[in-house]
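The structure's right below; bear with me while I get my questions together.
The values are calculated or read from the model by the stated rules, or taken from the named source; none is laboratory data. These figures come from a predicted structure and were not determined experimentally. Virtual Cβ from ideal backbone geometry, glycine too; neighbours counted across all protein chains shown. All accessible areas refer to the heavy atoms of the entire protein, side chains included, with ligands and DNA or RNA removed. Shrake-Rupley method; radii C 1.70, N 1.55, O 1.52, S 1.80 Å.
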Amino acid sequence: MNADVIIIGGGLAGLCNAIHLSKFGKKVLLIEKNEYPKHKVCGEYISNEVLPYLEFLDVNPFDFGAVKIKNFQLSTTKNKLISAKLPLGGFGISRYQLDFVLSEKATKNGVTILQDSVVNIDFKEDVFLVETKEHNSFQSKICIGAFGKRSLLDVKLERDFIKKKSPYLGVKIHVKGNFKEDLVALHNFKGGYCGVSKVENDAINLCYITNYASFKKYKNIDDFQEQVVFKNHFLKEIFNNSEAVFEKPLTISQVSFETKKPVENHILMCGDSAGMIHPLCGNGMSMAIQSAQIASKLILNYLNGKNMSRKELEKQYIRQWNKKFSLRLKAGHFIAMLFRKDRIASILLQILKKLPFLLPIIIKQTHGKPMKI
(Lines give C-alpha, C1' and ligand atoms only; values in the text may rest on other atoms or scores of the structure.)
Protein backbone atom coordinates (compact mmCIF):
# COMPACT_ATOMS: atom_id res chain seq x y z
CA MET A 1 0.00 0.00 0.00
CA ASN A 2 1.16 3.52 -0.83
CA ALA A 3 -0.03 6.59 1.06
CA ASP A 4 0.58 10.31 0.90
CA VAL A 5 1.36 10.31 4.63
CA ILE A 6 2.13 7.53 7.10
CA ILE A 7 1.61 8.41 10.76
CA ILE A 8 3.26 6.22 13.37
CA GLY A 9 1.34 6.41 16.63
CA GLY A 10 -2.34 7.07 17.23
CA GLY A 11 -2.39 9.34 20.25
CA LEU A 12 -3.56 12.95 20.20
CA ALA A 13 -0.87 14.25 17.83
CA GLY A 14 -1.17 11.33 15.41
CA LEU A 15 -4.97 11.38 15.28
CA CYS A 16 -5.24 15.17 14.88
CA ASN A 17 -2.72 15.02 12.02
CA ALA A 18 -4.73 12.21 10.42
CA ILE A 19 -8.02 14.12 10.63
CA HIS A 20 -6.50 17.38 9.39
CA LEU A 21 -4.75 15.83 6.39
CA SER A 22 -7.67 13.60 5.41
CA LYS A 23 -9.97 16.62 5.60
CA PHE A 24 -8.07 17.91 2.58
CA GLY A 25 -8.26 14.68 0.62
CA LYS A 26 -4.86 13.19 1.46
CA LYS A 27 -4.44 9.44 1.64
CA VAL A 28 -3.40 8.76 5.23
CA LEU A 29 -2.28 5.54 6.90
CA LEU A 30 -2.07 5.61 10.70
CA ILE A 31 -0.30 2.73 12.43
CA GLU A 32 -1.09 2.28 16.13
CA LYS A 33 -0.02 -0.71 18.24
CA ASN A 34 -2.96 -0.55 20.66
CA GLU A 35 -6.68 -1.03 20.15
CA TYR A 36 -9.09 1.83 20.85
CA PRO A 37 -10.28 2.72 23.43
CA LYS A 38 -7.42 2.42 25.94
CA HIS A 39 -6.50 4.21 29.15
CA LYS A 40 -3.11 5.92 29.28
CA VAL A 41 -0.99 7.50 32.01
CA CYS A 42 -1.89 11.14 31.45
CA GLY A 43 -3.00 14.23 33.36
CA GLU A 44 -6.15 14.51 31.19
CA TYR A 45 -6.43 18.28 31.55
CA ILE A 46 -6.36 20.34 28.32
CA SER A 47 -6.07 24.10 27.99
CA ASN A 48 -8.93 25.83 26.17
CA GLU A 49 -6.40 27.19 23.67
CA VAL A 50 -7.03 24.11 21.48
CA LEU A 51 -10.82 24.49 21.20
CA PRO A 52 -10.80 26.52 17.93
CA TYR A 53 -8.65 23.85 16.27
CA LEU A 54 -10.79 20.97 17.55
CA GLU A 55 -13.83 22.81 16.13
CA PHE A 56 -11.98 23.03 12.79
CA LEU A 57 -11.49 19.24 12.98
CA ASP A 58 -15.25 18.87 13.64
CA VAL A 59 -14.71 17.52 17.15
CA ASN A 60 -16.46 19.02 20.18
CA PRO A 61 -15.13 17.41 23.41
CA PHE A 62 -18.17 18.64 25.37
CA ASP A 63 -20.40 16.41 23.23
CA PHE A 64 -18.55 13.48 24.79
CA GLY A 65 -18.62 14.44 28.46
CA ALA A 66 -15.69 16.84 28.80
CA VAL A 67 -15.78 18.85 32.03
CA LYS A 68 -15.19 22.63 32.03
CA ILE A 69 -12.37 23.72 34.35
CA LYS A 70 -11.66 27.30 35.39
CA ASN A 71 -10.01 27.16 38.83
CA PHE A 72 -6.56 26.03 39.94
CA GLN A 73 -5.10 24.95 43.29
CA LEU A 74 -1.49 24.33 44.23
CA SER A 75 -0.08 22.83 47.43
CA THR A 76 3.49 22.29 48.61
CA THR A 77 5.03 19.42 50.53
CA LYS A 78 4.40 21.50 53.67
CA ASN A 79 0.63 21.42 52.98
CA LYS A 80 0.39 25.12 52.16
CA LEU A 81 -2.36 25.84 49.64
CA ILE A 82 -2.90 28.63 47.12
CA SER A 83 -5.78 29.08 44.66
CA ALA A 84 -6.18 31.04 41.43
CA LYS A 85 -8.36 31.42 38.36
CA LEU A 86 -6.94 29.82 35.22
CA PRO A 87 -6.23 32.66 32.75
CA LEU A 88 -7.82 30.84 29.82
CA GLY A 89 -9.49 27.85 31.44
CA GLY A 90 -9.50 24.29 30.24
CA PHE A 91 -11.40 21.02 30.24
CA GLY A 92 -11.02 17.49 31.55
CA ILE A 93 -11.55 14.41 29.42
CA SER A 94 -9.92 10.97 29.59
CA ARG A 95 -7.56 9.70 26.92
CA TYR A 96 -9.79 6.61 26.82
CA GLN A 97 -12.64 8.80 25.58
CA LEU A 98 -10.84 11.46 23.54
CA ASP A 99 -8.54 9.12 21.61
CA PHE A 100 -11.53 6.93 20.74
CA VAL A 101 -13.60 9.92 19.55
CA LEU A 102 -10.71 11.17 17.40
CA SER A 103 -10.08 7.69 15.96
CA GLU A 104 -13.75 7.39 14.97
CA LYS A 105 -13.56 10.79 13.29
CA ALA A 106 -10.38 9.83 11.44
CA THR A 107 -11.95 6.60 10.17
CA LYS A 108 -15.04 8.51 9.04
CA ASN A 109 -12.73 10.85 7.09
CA GLY A 110 -11.24 7.89 5.21
CA VAL A 111 -8.06 7.38 7.23
CA THR A 112 -6.81 3.79 7.29
CA ILE A 113 -6.00 2.83 10.90
CA LEU A 114 -3.88 -0.31 11.20
CA GLN A 115 -3.27 -2.03 14.54
CA ASP A 116 0.37 -3.03 14.25
CA SER A 117 3.84 -1.98 15.45
CA VAL A 118 6.44 -0.30 13.26
CA VAL A 119 9.86 -1.95 13.52
CA ASN A 120 11.81 -0.07 10.86
CA ILE A 121 11.71 3.13 8.82
CA ASP A 122 14.00 3.67 5.82
CA PHE A 123 14.27 6.87 3.81
CA LYS A 124 15.65 6.34 0.31
CA GLU A 125 15.29 8.30 -2.93
CA ASP A 126 12.87 10.74 -1.31
CA VAL A 127 10.46 7.98 -0.19
CA PHE A 128 9.81 6.39 3.20
CA LEU A 129 9.61 2.60 3.48
CA VAL A 130 7.88 1.56 6.71
CA GLU A 131 7.98 -2.05 7.92
CA THR A 132 5.84 -3.51 10.70
CA LYS A 133 5.94 -6.36 13.17
CA GLU A 134 3.27 -8.21 11.16
CA HIS A 135 5.54 -8.12 8.07
CA ASN A 136 3.63 -5.36 6.30
CA SER A 137 5.49 -2.84 4.15
CA PHE A 138 4.24 0.60 3.18
CA GLN A 139 5.55 3.55 1.19
CA SER A 140 4.81 7.25 1.57
CA LYS A 141 6.08 10.70 0.68
CA ILE A 142 5.81 11.92 4.28
CA CYS A 143 6.26 10.17 7.62
CA ILE A 144 5.09 11.59 10.96
CA GLY A 145 6.45 10.21 14.22
CA ALA A 146 3.80 10.44 16.94
CA PHE A 147 4.76 7.38 18.97
CA GLY A 148 4.85 9.06 22.36
CA LYS A 149 7.29 9.57 25.20
CA ARG A 150 9.55 6.59 24.57
CA SER A 151 9.65 3.91 21.89
CA LEU A 152 11.88 1.22 20.43
CA LEU A 153 11.87 3.37 17.29
CA ASP A 154 13.75 6.02 19.28
CA VAL A 155 16.46 3.41 19.85
CA LYS A 156 16.39 2.39 16.17
CA LEU A 157 16.78 6.02 15.11
CA GLU A 158 19.62 6.47 17.66
CA ARG A 159 18.00 9.58 19.10
CA ASP A 160 20.19 11.35 21.64
CA PHE A 161 17.66 11.48 24.50
CA ILE A 162 17.04 7.72 24.47
CA LYS A 163 20.69 7.04 25.36
CA LYS A 164 20.18 8.64 28.77
CA LYS A 165 18.31 6.85 31.54
CA SER A 166 15.39 8.77 32.98
CA PRO A 167 14.61 8.58 36.71
CA TYR A 168 10.88 9.29 36.49
CA LEU A 169 7.88 7.01 37.02
CA GLY A 170 4.24 7.93 36.24
CA VAL A 171 1.18 6.46 38.01
CA LYS A 172 -2.50 7.04 37.19
CA ILE A 173 -5.85 5.93 38.57
CA HIS A 174 -9.49 6.96 38.17
CA VAL A 175 -11.63 7.18 41.29
CA LYS A 176 -15.14 8.23 42.29
CA GLY A 177 -15.57 10.70 45.13
CA ASN A 178 -16.06 14.34 46.05
CA PHE A 179 -14.02 16.84 44.04
CA LYS A 180 -15.07 20.16 42.55
CA GLU A 181 -15.94 19.79 38.87
CA ASP A 182 -14.45 23.12 37.76
CA LEU A 183 -11.10 22.60 39.53
CA VAL A 184 -7.68 21.25 38.57
CA ALA A 185 -5.29 20.78 41.49
CA LEU A 186 -1.58 20.13 41.67
CA HIS A 187 -0.42 18.69 44.99
CA ASN A 188 3.28 18.27 45.71
CA PHE A 189 4.85 15.54 47.84
CA LYS A 190 8.49 14.70 48.49
CA GLY A 191 10.00 13.59 45.19
CA GLY A 192 6.95 14.25 43.02
CA TYR A 193 3.57 15.84 42.39
CA CYS A 194 0.03 14.70 41.61
CA GLY A 195 -2.53 16.30 39.28
CA VAL A 196 -6.21 15.98 40.19
CA SER A 197 -9.18 16.87 37.98
CA LYS A 198 -12.51 15.50 36.88
CA VAL A 199 -13.16 13.83 33.53
CA GLU A 200 -16.31 12.43 31.94
CA ASN A 201 -18.76 10.19 33.85
CA ASP A 202 -18.03 11.97 37.14
CA ALA A 203 -14.65 10.23 37.46
CA ILE A 204 -11.66 11.90 39.11
CA ASN A 205 -8.28 11.46 37.43
CA LEU A 206 -5.35 11.13 39.84
CA CYS A 207 -2.03 11.12 38.01
CA TYR A 208 1.32 11.55 39.71
CA ILE A 209 4.95 11.47 38.73
CA THR A 210 7.79 10.65 41.07
CA ASN A 211 11.50 10.06 41.12
CA TYR A 212 12.14 6.32 40.80
CA ALA A 213 14.89 6.51 43.43
CA SER A 214 12.25 7.61 45.95
CA PHE A 215 9.75 4.97 44.85
CA LYS A 216 12.03 1.92 44.91
CA LYS A 217 12.59 2.24 48.67
CA TYR A 218 9.07 0.90 49.19
CA LYS A 219 7.50 -2.52 48.61
CA ASN A 220 4.73 -1.46 46.23
CA ILE A 221 2.54 1.45 45.09
CA ASP A 222 0.22 1.21 48.12
CA ASP A 223 3.15 1.37 50.50
CA PHE A 224 4.71 4.30 48.63
CA GLN A 225 1.44 6.21 48.67
CA GLU A 226 0.90 5.57 52.37
CA GLN A 227 4.44 6.56 53.36
CA VAL A 228 5.14 9.38 50.89
CA VAL A 229 2.18 10.63 48.83
CA PHE A 230 -0.15 10.87 51.82
CA LYS A 231 2.23 13.18 53.64
CA ASN A 232 0.36 15.72 51.52
CA HIS A 233 -2.87 15.99 53.49
CA PHE A 234 -4.91 17.07 50.48
CA LEU A 235 -3.91 13.94 48.55
CA LYS A 236 -4.49 11.72 51.59
CA GLU A 237 -8.04 13.05 51.92
CA ILE A 238 -8.82 12.54 48.19
CA PHE A 239 -7.40 9.00 48.06
CA ASN A 240 -8.94 7.87 51.35
CA ASN A 241 -12.39 9.28 50.66
CA SER A 242 -12.84 7.92 47.16
CA GLU A 243 -13.44 4.58 45.51
CA ALA A 244 -11.12 3.23 42.80
CA VAL A 245 -12.59 2.72 39.33
CA PHE A 246 -9.54 0.83 38.01
CA GLU A 247 -8.67 -2.62 39.35
CA LYS A 248 -5.06 -1.47 39.68
CA PRO A 249 -3.14 1.73 38.85
CA LEU A 250 -1.56 2.26 35.42
CA THR A 251 2.19 2.92 35.45
CA ILE A 252 4.84 4.10 33.02
CA SER A 253 8.59 4.23 33.65
CA GLN A 254 11.54 6.00 32.04
CA VAL A 255 9.58 9.21 31.45
CA SER A 256 12.11 11.56 29.85
CA PHE A 257 12.18 15.36 29.80
CA GLU A 258 15.41 15.53 27.81
CA THR A 259 15.53 17.81 24.77
CA LYS A 260 14.45 16.09 21.55
CA LYS A 261 14.76 17.08 17.90
CA PRO A 262 11.50 17.87 16.03
CA VAL A 263 12.90 16.19 12.89
CA GLU A 264 14.89 12.92 12.84
CA ASN A 265 15.95 11.15 9.64
CA HIS A 266 13.42 13.34 7.73
CA ILE A 267 10.56 12.16 10.01
CA LEU A 268 8.46 15.03 11.40
CA MET A 269 8.06 14.38 15.13
CA CYS A 270 4.82 15.44 16.84
CA GLY A 271 3.51 15.47 20.40
CA ASP A 272 5.69 13.84 23.05
CA SER A 273 7.93 12.41 20.30
CA ALA A 274 9.12 15.97 19.60
CA GLY A 275 9.37 17.19 23.17
CA MET A 276 7.62 16.79 26.50
CA ILE A 277 6.72 19.50 28.99
CA HIS A 278 6.82 18.62 32.68
CA PRO A 279 3.43 17.27 33.84
CA LEU A 280 3.74 19.87 36.61
CA CYS A 281 2.75 22.44 33.94
CA GLY A 282 -0.35 20.51 32.85
CA ASN A 283 -0.22 21.36 29.17
CA GLY A 284 1.21 18.33 27.35
CA MET A 285 -2.08 17.32 25.70
CA SER A 286 -2.56 20.83 24.35
CA MET A 287 0.97 20.87 22.95
CA ALA A 288 0.42 17.54 21.19
CA ILE A 289 -2.72 18.85 19.50
CA GLN A 290 -1.03 22.11 18.49
CA SER A 291 1.99 20.32 17.03
CA ALA A 292 -0.40 18.46 14.71
CA GLN A 293 -1.71 21.72 13.29
CA ILE A 294 1.82 22.99 12.63
CA ALA A 295 2.84 19.76 10.87
CA SER A 296 -0.35 19.30 8.87
CA LYS A 297 -0.41 22.83 7.44
CA LEU A 298 3.21 22.56 6.27
CA ILE A 299 2.70 19.04 4.88
CA LEU A 300 -0.32 20.19 2.87
CA ASN A 301 1.73 23.01 1.36
CA TYR A 302 4.50 20.54 0.48
CA LEU A 303 2.19 17.91 -1.02
CA ASN A 304 0.23 20.53 -2.94
CA GLY A 305 3.38 21.77 -4.67
CA LYS A 306 3.62 25.20 -3.02
CA ASN A 307 7.27 25.61 -4.13
CA MET A 308 8.60 23.90 -1.01
CA SER A 309 11.45 21.42 -0.99
CA ARG A 310 11.71 18.71 1.67
CA LYS A 311 14.62 20.63 3.17
CA GLU A 312 12.46 23.75 3.43
CA LEU A 313 9.56 21.73 4.89
CA GLU A 314 11.79 20.38 7.65
CA LYS A 315 13.43 23.75 8.28
CA GLN A 316 10.06 25.49 8.62
CA TYR A 317 8.68 22.78 10.89
CA ILE A 318 11.67 23.04 13.25
CA ARG A 319 11.43 26.83 13.26
CA GLN A 320 7.68 26.92 13.91
CA TRP A 321 7.85 24.15 16.52
CA ASN A 322 10.59 25.98 18.44
CA LYS A 323 8.79 29.31 18.15
CA LYS A 324 5.65 27.76 19.61
CA PHE A 325 7.08 25.54 22.33
CA SER A 326 10.75 26.16 23.22
CA LEU A 327 10.00 28.91 25.78
CA ARG A 328 7.21 26.80 27.32
CA LEU A 329 9.55 23.85 27.73
CA LYS A 330 12.26 26.01 29.31
CA ALA A 331 9.71 27.55 31.67
CA GLY A 332 8.42 24.07 32.53
CA HIS A 333 11.93 22.82 33.34
CA PHE A 334 12.61 25.87 35.52
CA ILE A 335 9.31 25.65 37.43
CA ALA A 336 9.79 21.91 38.00
CA MET A 337 13.33 22.53 39.26
CA LEU A 338 12.03 25.06 41.80
CA PHE A 339 9.39 22.67 43.12
CA ARG A 340 11.91 19.85 43.52
CA LYS A 341 13.62 22.00 46.16
CA ASP A 342 11.34 22.01 49.23
CA ARG A 343 12.77 25.15 50.79
CA ILE A 344 12.59 27.19 47.58
CA ALA A 345 9.07 25.89 46.85
CA SER A 346 7.95 26.95 50.33
CA ILE A 347 9.39 30.46 49.89
CA LEU A 348 7.83 30.71 46.42
CA LEU A 349 4.42 29.80 47.79
CA GLN A 350 4.70 32.40 50.52
CA ILE A 351 5.43 35.01 47.87
CA LEU A 352 2.47 33.84 45.77
CA LYS A 353 0.17 34.00 48.80
CA LYS A 354 1.15 37.62 49.37
CA LEU A 355 1.08 38.46 45.65
CA PRO A 356 -1.62 36.12 44.20
CA PHE A 357 -1.72 37.96 40.86
CA LEU A 358 1.68 36.37 40.05
CA LEU A 359 0.29 32.81 39.80
CA PRO A 360 -1.78 33.38 36.60
CA ILE A 361 1.30 35.08 35.11
CA ILE A 362 3.39 31.98 35.86
CA ILE A 363 0.69 29.71 34.39
CA LYS A 364 0.71 31.78 31.19
CA GLN A 365 4.39 30.96 30.69
CA THR A 366 3.49 27.32 29.92
CA HIS A 367 0.24 28.04 28.05
CA GLY A 368 -0.58 29.92 24.88
CA LYS A 369 -3.39 31.91 23.32
CA PRO A 370 -6.41 30.38 21.51
CA MET A 371 -5.21 28.70 18.31
CA LYS A 372 -5.70 30.53 15.04
CA ILE A 373 -7.28 28.63 12.17
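Would you point out the residue of the stretch 326-349, among those that are open to solvent by 90 Å² or more (accessible area, probe 1.4 Å) and modelled with pLDDT of 80 or more, that is farthest from G192 (Cα to Cα)? Write out each step before concluding.
Keep residues of the stretch 326-349 that are open to solvent by 90 Å² or more (accessible area, probe 1.4 Å), which gives 327, 330, 334, 340-341, 343.
After this cut, where a residue has to be modelled with pLDDT of 80 or more as well, the list is 327, 330, 334.
Working: L327: 23, K330: 19, F334: 15 Å.
Among those that are open to solvent by 90 Å² or more (accessible area, probe 1.4 Å) and modelled with pLDDT of 80 or more, it is L327.
Considering the stretch 248-269 alone, what residues qualify as being at pLDDT below 95 and open to solvent by less than 30 Å² (accessible area, probe 1.4 Å)?
V255, S256, F257, K260 - these are the residues of the stretch 248-269 that are at pLDDT below 95 and open to solvent by less than 30 Å² (accessible area, probe 1.4 Å).
When the stretch 334-373 is examined, which residues are found to be in a helix (DSSP H, G or I), within 21 Å of the chain's Cα centre (by Cα) and farther than 22 Å from F189 by Cα?
Listed by number, the list holds a single entry, K364.
Hey, another quick one. Take the residues in the stretch 10-35 that are under 21 Å from the mean Cα position of the chain (by Cα) and under 15 Å from L303 (Cα atoms); name whichever of them is surrounded by the fewest Cβ atoms within 10 Å (Cβ to Cβ).
H20
Between F339, F325, which is over 25 Å from K26 (Cβ atoms) and among the aromatic types (F, W, Y)?
Values: F325 fails: over 25 Å from K26 (Cβ atoms).
So the residue among F339, F325 that is over 25 Å from K26 (Cβ atoms) and among the aromatic types (F, W, Y) is F339.
Under the condition of being more than 28 Å from V263 (Cα to Cα) and loosely packed, with under 14 Cβ neighbours inside 10 Å, which residue from the stretch 84-136 is farthest from the chain's Cα centre (by Cα)?
K108
Identify, from the list A292, A331, A288, the residue that is more than 16 Å from the chain's Cα centre (by Cα) and assigned to a helix (DSSP H, G or I).
A331
If you don't mind, another one. Inside the stretch 1-52, can you point out the residues that are closer than 30 Å to L86 by Cβ and in a strand (DSSP E or B)?
Residues satisfying the conditions are Y45, I46, S47.
What are the residues in the stretch 137-147 that are assigned to a strand (DSSP E or B) and either under 27 Å from the mean Cα position of the chain (by Cα) or surrounded by 18 or more Cβ atoms within 10 Å (Cβ to Cβ) (or both), if any? Working first, answer last.
Keep residues of the stretch 137-147 that are assigned to a strand (DSSP E or B), which gives 137-145.
F138, S140, K141, I142, C143, I144, G145 - these are the residues of the stretch 137-147 that are assigned to a strand (DSSP E or B) and either under 27 Å from the mean Cα position of the chain (by Cα) or surrounded by 18 or more Cβ atoms within 10 Å (Cβ to Cβ) (or both).
Also, quick follow-up: Go through the stretch 53-67 and give me each residue that's open to solvent by 40 Å² or more (accessible area, probe 1.4 Å) and either outside any helix (DSSP H, G or I) or farther than 22 Å from A203 by Cα (or both). Step through it out loud before you land on a result.
First, pick out the residues of the stretch 53-67 that are open to solvent by 40 Å² or more (accessible area, probe 1.4 Å): 55-56, 58, 60, 62-64.
Correct list: E55, F56, D58, N60.
Let me ask something else about it. Checking N283 against (1) under 24 Å from N211 (Cβ atoms); (2) open to solvent by 10 Å² or more (accessible area, probe 1.4 Å), which single condition isn't satisfied?
(2)
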